Amino acid sequence: MKTKNYLPFELIYEDRDLLVINKPVGLLTTHTRVVGRLARETQVTAENILNDYVRKGQLKSSKRVYLVHRLDRETSGVMMFAKSEKVMNHFRDNWNELTEKTYLARVEGVLDEESGVIESYLRDDPKTMKVKSVSDARFGKFARTEWRKLSVKDGTTLVEVKLKSGRKNQIRVHFSEAGYPIVGDVKYGGMKASRLYLHSLSLSFVHPFTRESLTFTAPASLG
């Protein structure tokens, strides 16, 4: 069901087990590496905002939301939170098998092919604070990115992307290493822009209890 509320973003769906939101650009999903419980709980994040929402102003309430997956701060779009640890673990333990995620991205350059697949093993480099592909599978996690060209404008290409794995910065790294960084992705070699041109368009899964097939979409214009 759709709900109108006081949240600073769209609440796409809510039931007793989960929440689906349209996360805006610039909002952290969860707290950064801040010290102390008070600092973590007062940082402006989607997680903390939703905790306040489910507690309905009752500071001593034990209700909370549980982080199932993440979107980068500058990535917008569909995102899900669980309302119990059981639901969180259900999705976390088999995220890639249980869900299908589709993104929109505008990348620099004109892709010659109409569609393609990018595969590699990704590793987080603590020195550079970036993710990169490595040749040795022992030192990375497998990532597969499927893409389809939608349109071309001003030397950039709008693509639809389907993730077959959910690695940190996966789309950003794969397109950057292919020579087509996402517009606005300065961290991975893209040109500076008004925003990171990456949006979580839709999320599909089977509800863990009702067994209903659900798809949630948050349309966006990426220029």
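The values are calculated or read from the model by the stated rules, or taken from the named source; none is laboratory data. Everything quoted here is computed from the prediction, not taken from an experiment. Every residue, glycine among them, receives a Cβ derived from its backbone with ideal geometry; neighbour counts consider all protein chains shown. When the accessible area is computed, the model is the full protein with side chains, heavy atoms only, and any ligands, DNA or RNA have been set aside. Shrake-Rupley method; radii C 1.70, N 1.55, O 1.52, S 1.80 Å.
Below, the figures for the structure above:
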| quantity | calculated |
| --- | --- |
| Segment 114-167 pair-distance distribution - Cα-Cα, 5 Å bins, rounded % | 5, 18, 20, 19, 16, 14, 8, 2, 0 |
| Segment Thr215-Thr30, extension gain: residue separation times 0.36 nm, minus the distance between their alpha carbons | 64.3 nm |
| Antiparallel content of DSSP bridges confined to segment 69-222, in %, to 5 | 95 percent |
| Fraction of accessible area attributable to carbon and sulfur, the chain (%, probe 1.4 Å) | 50 percent |
| Ranked packing of 105-116, 126-137, most packed first, by mean Cβ within 10 Å | 105-116, 126-137 |
| Per-peptide average of other Cβ atoms within 10 Å, ordering 169-181, 194-206, 6-18 highest first | 169-181, 194-206, 6-18 |
| Helical mean residue ellipticity (222 nm; -39500 (n - 2.57) per DSSP H run of 4+; nearest 500) of the chain | -4500 deg cm²/dmol |
| Inter-label distance, nm, simple model (7 Å from Cα along the C-beta direction), Arg55/Met191 | 4.5 nm |
| Candidate lysines - alpha carbon under 25 Å from Lys141, same-chain residues fewer than 8 apart omitted | Lys101, Lys127, Lys130, Lys132, Lys162, Lys164, Lys168, Lys187 |
| Three-way shape call for the chain based on the alpha-carbon gyration tensor, with the a/c threshold at 1.5 | prolate |
| Distance in nm between pseudo-label sites at Glu177 and Ser84 (7 Å out along the Cβ direction from Cα) | 4.0 nm |
